[in-house]
Amino acid sequence: MSETVIAIPGSIRTHSTHLNLIRRIAELAAGKFHLIVNHRISELPHFNPDLDNNALPENIVDFHKQLKTSDGILICTPEFAMGVPGSRKKCY
């Protein structure tokens with residue numbers, strides 16, 4: 001089992017539906033791949049087009065590295081206006 005999947009919950013609540021779903025997926029995937037839950041999603045900045053030209057904050061750079069080195073990404077997030085919430089657009 002060498003494959004790593006990064007899971008990103010759509011809520012920062014400890015007992016959110018999204019996190020509970022990810023935990024259940026982790027149970028079902030045991031032995032197939034290693035699931036790492038990114039609990040630092042609340043530390044990522046909200047999307048702001050006015051700041052989009054600035055250098056990326058270090059936590060975004062670290063997040064991108066984590067995503068690039070994983071074998072897969074599981075995003076469990078609510079739909080908002082037929083897409084992901086604006087606060088998540090920058091980090092994905």
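The values are calculated or read from the model by the stated rules, or taken from the named source; none is laboratory data. Every value quoted in this text rests on a predicted model; they were computed, and no experiment measured them. Note that we place each Cβ from the backbone using ideal geometry, even for glycine, and neighbour counts take in every protein chain shown.
The requirement of being on the phi < 0 side of the Ramachandran plot, surrounded by 13 or more Cβ atoms within 10 Å (Cβ to Cβ) and free of Cβ contacts under 8 Å to residues at least 12 places away in the same chain is satisfied by residue 17. Put simply, of 45, 78 the only residue that is closer than 21 Å to residue 21 by Cβ, in contact with a Pro (Cβ under 9 Å, 6 or more places away or on another chain) and modelled with pLDDT under 80 is 78. So how many residues does the stretch 1-49 have that are assigned to a helix (DSSP H, G or I) and under 16 Å from residue 70 (Cα atoms)? Qualifying residue count for the region: 2. The set of residues from the stretch 52-71 being farther than 24 Å from residue 13 by Cβ and not in a helix (DSSP H, G or I) comprises 52, 53, 54, 55, 56, 71. Just one of the numbered conditions (1) at pLDDT 80 or above; (2) in contact with a strand residue (DSSP E or B) (Cβ under 9 Å, 6 or more places away or on another chain); (3) not aromatic (Phe, Trp, Tyr) is not true of residue 89: (1). For the stretch 48-58, state whether one or more residues are modelled with pLDDT under 90 and either under 12 Å from the mean Cα position of the chain (by Cα) or on the phi > 0 side of the Ramachandran plot (or both). No, the stretch 48-58 contains no residue that is modelled with pLDDT under 90 and either under 12 Å from the mean Cα position of the chain (by Cα) or on the phi > 0 side of the Ramachandran plot (or both).
Would you confirm whether any residue within the stretch 47-58 is in contact with a helix residue (DSSP H, G or I) (Cβ under 6 Å, 6 or more places away or on another chain), over 26 Å from residue 2 (Cβ atoms) and surrounded by 14 or more Cβ atoms within 10 Å (Cβ to Cβ)? Yes, the stretch 47-58 has at least one match.
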